[in-house]
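The values are calculated or read from the model by the stated rules, or taken from the named source; none is laboratory data. Note that the structure is a prediction, hence the values are computed from the model and not measured. Here the Cβ positions follow ideal geometry from the backbone for every residue, glycine too, while neighbour counts run over all protein chains shown. Just so you know, the surface numbers come from the protein's heavy atoms only, side chains and all, with ligands and any DNA or RNA stripped out. Shrake-Rupley method; radii C 1.70, N 1.55, O 1.52, S 1.80 Å.
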Amino acid sequence: MAKPVSIEVWNPSGKYRVVSTKSMPGTRWINLLIAQDCRVEICTEKKTILSVEDIVALIGDKCDGVIGQLTEDWGETLFAALSRAGGKAFSNMAVGYNNVDVNAANKYGVAVGNTPGVLTETTAELAASLSLAAARRIVEADEFMRAGLYDGWLPYLFVGNLLKGQTVGVIGAGRIGSAYARMMVEGFKMNLIYYDLYQATRLEKFVTAYGAFLQANGEQPVTWKRASSMDEVLREADVISLHPVLDKTTYHLINKERLSTMKKEAILVNCSRGPVVDEVALVEHLKQNPKFRVGLDVFEDEPYMKPGLAELKNAIVVPHIASASKWTREGMATLAALNVLGKIKGYPIWGNPNQVEPFLNENASPPAASPSIVNAKALGLPVSKL
Ligand SMILES: NC(=O)C1=CN([C@@H]2O[C@H](COP(=O)(O)OP(=O)(O)OC[C@H]3O[C@@H](n4cnc5c(N)ncnc54)[C@H](O)[C@@H]3O)[C@@H](O)[C@H]2O)C=CC1
Ligand SMILES: O=C(O)C(=O)CO
């Protein structure tokens, strides 16, 4: 028998029981659920990552839907427990759902939601911040200053890389990868090389138009290239940012061999998922190549770092905060709640998960739809015509 898990309850008399495994930013998501007759139970346990047993206890005997987190292991055990409790809806409060076994959800007929779009620019901004911080050695310089080591301007003090005119490489030019590419091209006049399974047509058009604008103003135009292999990006780019989904095709995409093909002074940024990079190989590469720099938001064994990484001056490490802006986190909570609510109410699925703005407008009721259900097709769920 699992020990009881502490909870906070909103609208105790609500007809539908919706559980959130964590407290989430904002109150709109709670109000939207209450307005549709939900009893909302929020787990208030102090520990950061809930175990499968904790979540089974939270689900209990009757549960209509759960909002969960990317740190949780949503597999056979949890979907079976949710199904036994009468639940048909789960949403990650995240766009990435590599922590969810979608086949297991399909087996139990549970809809799986995610939260695309609302974190695109926020995550791209953090990737751009890490790129700049690495290029200009901002963290090292900050530590130097605080240690009282600064005794006057010097020609060689913290010399880094100028981004203008260099090449930015993007691996995975989806929503976030494309937004990051635009920031680096437009903001710093970098040339673009990208690799994705699909052509990023809008991104290509943007860089072409911006290049023409620069040329018309007497400046060096920026250029773009769609690489035919990932290795081409690794060989040619000066700054490389990783933005693919994590699946078996992207696990350890960056390994010892590929690191060795990159420029000795390249910058590698990872705001996707930790296991996209072989972190042990990366630590070794950073040790051997002190001018190679990385900016990491995600780690292979979160919350841990591989031995040696924390001691390296050529690594900037932050704790998975790429989506951490207030607007984004409140939006993620809203989308996750509406995914669950939509399934409970029998609403159709929103037609375009890349355009979720109507769900985020605080001054209007959200559309009667689930914003993004990743297994809608597998479950044969109807799509909204709105
Ligand atoms: N660090 C953080 O806080 C955050 C991390 N993420 C991660 O970023 C990922 C991407 O998010 P979005 O851009 O919204 O998703 P998206 O689905 O729009 O983009 C992913 C892109 O990766 C490409 N891709 C898939 N397999 C590939 C492969 N083998 N090689 C090259 N490209 C491949 C896809 O074609 C797609 O264009 C999420 O799945 C999540 O894991 C997302 C938000 C915040
Ligand atoms: O949405 C995601 O995938 C995240 O990593 C949240 O930061």
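Of the residues making up the stretch 272-313, those that are part of a loop (DSSP other than H, G, I, E, B) and either free of Cβ contacts under 8 Å to residues at least 24 places away in the same chain or in the same structural domain as residue 28 (by the TED database) (or both) number 0. Residues in the stretch 1-20 that are out of contact with any Lys or Arg (no Cβ under 8 Å at 6 or more places or on another chain) and open to solvent by 40 Å² or more (accessible area, probe 1.4 Å): 1, 2, 3, 4, 6, 7, 8.
Per-residue answers, yes or no, for (1) under 19 Å from residue 100 (Cα atoms); (2) assigned by the TED database to the domain that holds residue 106; (3) in contact with a Pro (Cβ under 7 Å, 6 or more places away or on another chain); (4) touching a residue at least 24 places away in the same chain (Cβ under 8 Å):
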site	(1), (2), (3), (4)
351	no, yes, no, yes
363	no, yes, no, no
369	no, yes, yes, yes
372	yes, yes, yes, yes
375	yes, yes, no, yes
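Residue 328 falls short on exactly one of the conditions (1) within 10 Å of ligand 1 (Cβ to nearest atom); (2) crowded, with 23+ Cβ neighbours inside 10 Å; (3) not in a loop (DSSP other than H, G, I, E, B), and that condition is (2). Residues in the stretch 229-280 that are open to solvent by 30 Å² or more (accessible area, probe 1.4 Å), charged (D, E, K, R), more than 16 Å from ligand 2 (Cβ to nearest atom) and closer than 20 Å to residue 303 by Cα: 278 only.
Would you confirm, using the coordinates I've provided, whether residue 173 is within 20 Å of residue 128 (Cα to Cα), in the same structural domain as residue 313 (by the TED database), assigned to a helix (DSSP H, G or I) and in contact with an Asp or Glu (Cβ under 6 Å, 6 or more places away or on another chain)? Before you say what the answer is, go through the steps one by one.
Details: within 20 Å of residue 128 (Cα to Cα): yes; in the same structural domain as residue 313 (by the TED database): yes; assigned to a helix (DSSP H, G or I): no; in contact with an Asp or Glu (Cβ under 6 Å, 6 or more places away or on another chain): yes.
For residue 173, the condition - within 20 Å of residue 128 (Cα to Cα), in the same structural domain as residue 313 (by the TED database), assigned to a helix (DSSP H, G or I) and in contact with an Asp or Glu (Cβ under 6 Å, 6 or more places away or on another chain) - is not met.
When 141, 200, 134, 173 are checked against the criterion of being of a type in the set (A, V, I, L, M) and under 16 Å from the mean Cα position of the chain (by Cα), a single residue qualifies: 173.
So which residues in the stretch 42-58 are charged (D, E, K, R) and part of a loop (DSSP other than H, G, I, E, B)? Even if it seems obvious, please write down each step before you answer.
Taking the stretch 42-58 and keeping what is charged (D, E, K, R), we get 45-47, 53-54.
Within the stretch 42-58, 45, 46, 47 meet the criteria.
Only residues that are closer than 19 Å to residue 163 by Cβ, of a type outside the set (Asp, Glu) and either surrounded by 16 or more Cβ atoms within 10 Å (Cβ to Cβ) or out of contact with any helix residue (DSSP H, G or I) (no Cβ under 7 Å at 6 or more places or on another chain) (or both): list them for the stretch 210-224, please.
Quick first cut of the stretch 210-224, residues closer than 19 Å to residue 163 by Cβ only: 210-211, 213-214, 219-224.
Cutting the leftovers down to of a type outside the set (Asp, Glu) gives us 210-211, 213-214, 220-224.
The answer is 210, 211, 213, 214, 221, 222, 224.
A single member of 373, 316 is open to solvent by less than 30 Å² (accessible area, probe 1.4 Å), hydrophobic (A, V, I, L, M, F, W, C) and more than 24 Å from residue 21 (Cα to Cα), and it is 316.
Entry remark, the stretch 59-102: residues being over 12 Å from residue 18 (Cβ atoms) and either aromatic (Phe, Trp, Tyr) or not in a loop (DSSP other than H, G, I, E, B) (or both) number 13 in total.
Of the residues 85, 104, 133, which single one is touching a residue at least 12 places away in the same chain (Cβ under 8 Å) and closer than 24 Å to residue 161 by Cα? Before the answer, list the steps.
On the way: 85 fails: closer than 24 Å to residue 161 by Cα; 104 fails: closer than 24 Å to residue 161 by Cα.
Residue meeting the stated conditions: 133.
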